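Remarks on the structure that follows.
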Amino acid sequence: MSDRSTAAEELQTARLSLRRPAEADIDAIFAVHSDPDTCAHNPSDALARFEEAEVLYRRWDDQWERHGYGYWVVRCHGSDRQLGFCGVKPMELHGERVLNLFYRFAASAWGQGFAGEAAAAVTAWAHRHLPDLPLIARIRPANVASQRVALRAGLDRAQHLDTEGYDGFDWIYVAQPEHWALTGH
C-alpha cells in the first residue's frame, strides 16, 4: 500500500541535508557498504561488487515508489559529498508491523554527531508522518556507537524485545516504549 502523502524527499537539520537517493549516489552506496569498517557489526550488508550497489539502490528506490519514504542520502549543507545514509523501512518485529531505523555513515564521518543528528531528524519525521507504526532500531550488543546514535535520536532500550537478527543477536531500541506495553511485549 502506497501512502504518497507521507513523501518527504528532503529533510533539513542544522548542519545536514537529507534527500531521496538518486542513481548518481550508487558510487557512494558502494563506497560506504563495501568498507569493512562500516559493516563490521552487520557483515551481511557488506557489498563486494559494484553491481550489488546498483541492486541495493533499486531496492531503496522501489521502497520510495511503494511507500513514499525510505532511506535518505545525508550531506552537509552546501556539500556534494555523501556522508552516509539514514532512513526507515517497514518490517515485522515479533509479528507486529514496525519501522526499522537505519543509519550507516562513511568512516570519515564518524565521531562528528552526523548520524545522531540525521537519525533524530528521521525519528521526528516518522513520528509526525507515520505515528501508527512503532519505530525501532536493531543494534548488535557490541556496537556501542550505534547505541549512542539510537539514544540521541530519542529511542530507548527495550530488552524484552531483543531478538535474533541476520548477523547475530539484536538489541532493540524503540521510540515509543509505551506502545509496546499496550501490545503485551
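The values are calculated or read from the model by the stated rules, or taken from the named source; none is laboratory data. In this text, all values refer to a predicted model and were calculated from it rather than measured experimentally. Note that we place each Cβ from the backbone using ideal geometry, even for glycine, and neighbour counts take in every protein chain shown. These area figures cover heavy atoms from the full protein model, side chains too; ligands, DNA and RNA do not enter into them. Shrake-Rupley method; radii C 1.70, N 1.55, O 1.52, S 1.80 Å.
Quick look at the values:
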quantity: Test: residue in region 50-70 that is free of Cβ contacts under 8 Å to residues at least 24 places away in the same chain, farther than 30 Å from V144 by Cβ and part of a loop (DSSP other than H, G, I, E, B); calculated: no
quantity: Test: residue in region 113-128 that is in a strand (DSSP E or B), on the phi < 0 side of the Ramachandran plot and hydrophobic (A, V, I, L, M, F, W, C); calculated: no
quantity: Where a residue in region 160-185 is under 14 Å from E92 (Cα atoms) and its partner, wherever it lies, is surrounded by 17 or more Cβ atoms within 10 Å (Cβ to Cβ) and modelled with pLDDT under 90, with Cβ under 8 Å and at least six apart; calculated: L161/W180; V174/W180
quantity: Filter result (farther than 18 Å from A142 by Cβ, open to solvent by 40 Å² or more (accessible area, probe 1.4 Å) and of a type outside the set (G, A, S)) within region 41-52; calculated: R49, F50, E51, E52
quantity: Sole exception among (1) open to solvent by 80 Å² or more (accessible area, probe 1.4 Å); (2) at positive phi for E23, by number; calculated: (2)
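For every residue, the table says whether it meets (1) over 17 Å from C39 (Cα atoms); (2) touching a Lys or Arg at 6+ places or on another chain (Cβ under 7 Å); (3) aliphatic (A, V, I, L, M).
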{"position": "S79", "(1), (2), (3)": "yes, no, no"}
{"position": "E96", "(1), (2), (3)": "yes, no, no"}
{"position": "F102", "(1), (2), (3)": "no, yes, no"}
{"position": "A115", "(1), (2), (3)": "no, no, yes"}
{"position": "V122", "(1), (2), (3)": "yes, no, yes"}
{"position": "W125", "(1), (2), (3)": "yes, no, no"}
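Residues checked against (1) closer than 21 Å to P141 by Cα; (2) open to solvent by 70 Å² or more (accessible area, probe 1.4 Å):
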position: C39; (1), (2): yes, no
position: E54; (1), (2): no, no
position: E65; (1), (2): no, yes
position: D80; (1), (2): no, yes
position: L83; (1), (2): no, no
position: E92; (1), (2): yes, yes
position: F102; (1), (2): yes, no
